[in-house]
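A short reminder: the numbers here are calculations on the coordinates, not readings from a lab. The shown structure was predicted, so the numbers you read here are calculated from the model rather than taken from an experiment.
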């Protein structure tokens with residue numbers, strides 16, 4: 001089970017995490033987890049380029065190791081990158097010290113202080129430690145592109161019906177999500193572009209952390 005729209009009370013429980021970007025502009029923040037992989041990520045880049053959209057890719061370190069050319073393409077096209085651990089670890093199922101080493105290993109490859117925990121799962125002590133070293137980015141809208149039990153149309157509606165100014169939206173550039181992503185992403189880009197929205201990367205906008213706007217690197 002998962003929540004498509006992160007309730008405000010959950011966001012309030014973890015104010016040190018970034019859930020959405022405070023803005024009065026018509027901006028959305030697309031994010032892609034689990035890549036980079038050659039079967040999906042270059043296609044995503046093509047779609048983004050067609051709409052002059054920027055995004056943020058939370059990369060699995062081992063995928064960076066295996067697909068360095070794809071990773072370099074993401075950066076060369078002006079997108080932000082973040083850390084999604086080296087082996088896509090579930091924080092709830094991981095001992096703290098090995099988890100921290102895994103995160104650091106991926107951080108060395110991404111050269112980024114943006115971090116998103118796989119499944120959004122962190123133990124309290126993990127969160128306490130990591131937020132001293134990284135900007136922990138969660139989300140406002142979860143597309144559900146990874147879910148085989150929903151239709152392409154439902155996945156699309158998850159985004160269209162829940163995204164608003166400043167939303168951080170999660171997609172996955174993964175084989176599991178590929179079919180839904182190919183249906184949903186072009187339609188999301190077209191729909192919101194026609195409504196006057198732009199798509200920004202997290203590095204193009206100040207991140208609100210602990211109530212303070214931090215300058216982008």
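Applying D = kT/(6 pi eta Rh) to region 1-77, where Rh is the Kirkwood radius over alpha-carbon pairs, T corresponds to 10 °C and eta to 1.306 mPa s, the Stokes-Einstein value obtained is 109 µm²/s.
Once the Cα-Cα distance is subtracted from the 0.36 nm per residue extended length, the residue 75 to residue 153 segment shows a gain of 25.0 nm. Remark: the residue 65-residue 50 segment gains 2.6 nm on full extension, using 0.36 nm per residue and subtracting the alpha carbon distance. Applying 0.36 nm per residue to the separation of residue 24 and residue 176 and subtracting their alpha-carbon distance, the gain on full extension is 51.3 nm. Look at where the Cα atoms of region 17-64 and of region 119-175 average out, and the two centres are 11 Å apart.
Just checking the listed ones, 35, 120, 196: in the Gaussian network model of the chain with Cα springs under 10 Å, the one fluctuating most is 196. Extent along the principal axes, Cα only, for region 15-155: 42, 34, 34 Å, with the longest axis given first.
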